[in-house]
Amino acid sequence: MVYSGTVCWLRFTARMTIGAIAVLTLLAPLQAQAQQPSAPDNQQQVDPADDPTDPNNLRPLTQDSSLLSIAGGQRLMAEASGAISNQNYTLAAQKLQESRQVFNQLSNFYQQLSSSFAGIDIRLADSNRTKAVETAQMRDEATYRLALVHRAQNKPELAVPLLIQIIRSQQPTRDLGKKAYQQLLELGFVDAPFPRPAANQPRSSNK
């Protein structure tokens, strides 16, 4: 025989259980919603104009904004000239060093391309070889200006290695090579002028 008190207790327990289940059922969607990541309102939006995967955003290296280009190296040299005019030799040296690095990289890359196409496409090989020579000339000109800046800074120990690099690259008989050697002569690093002054030829006597 089941006591009435027990029945009441069971009924009460059942009601409490059903109520608890109902509460949990209502709270479950709220908890799930709270655990979901918030909307990407705070995520950084990528400007379509800056998306590198968009082919329409590809920019040629000939633009001034690109350092790895002839235009970029020339821009650095122009900035160096402005710094020299203002006697800001520290900034000028920095810009010239950057420009000679740009031109040196370009020259090496063009030379590698020329070697790669040698024997395959003579047109491309010659074209890249010409670009390698042109950018090497620009590199040496930037190097010469950098050496002059170091002279203005009274730092001959920095100028001498650059001048020797120019002579090795340009050969002593070319104009830039002659200028570099003349700078070495003025610095006292060498003592024999080049080219040698023409010796006085003895006049032939009239018989």
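No lab work stands behind these numbers, since they all come straight from the coordinates. All values derive from a computational prediction rather than experimental measurement. Glycine also receives a Cβ, built like all others from the backbone with ideal geometry; neighbour counts cover every protein chain displayed.
Give me the distance in nm between label points sitting 7 Å out from Cα along the Cα-to-Cβ direction at Ala78 and Ala198, one decimal. My value for the distance between the label points is 4.2 nm.
Projecting label points 7 angstrom from Cα along Cα→Cβ for Leu187 and Thr173 puts them 2.5 nm apart. In this rough spin-label picture, where each label sits 7 Å from Cα along the Cβ direction, the Ile120-Ser85 distance is 4.5 nm. Taking a ≥ b ≥ c as the square roots of the eigenvalues of the alpha carbon gyration tensor, segment 75-207 is oblate, as a/c is not under 1.5 and a/b does not beat b/c. Positive contributions from Lys and Arg (+1) and negative ones from Asp and Glu (-1), summed over other residues with Cβ under 11 Å from the Cβ of Ile167, come out at +3.
How much net charge surrounds Leu96 when only other residues with a Cβ under 14 Å from its Cβ are counted (Lys, Arg +1; Asp, Glu -1)? Cβ neighbours under 14 Å give a net charge of +3.
Counting Lys and Arg as +1 and Asp and Glu as -1 over every other residue whose Cβ lies under 13 Å from the Cβ of Glu141, the net charge comes to +2.
Cβ-Cβ distance of Ala152 and Ser127, R₀ of 35 Å, FRET efficiency by 1/(1 + (r/R0)^6): the value works out to about 0.35.
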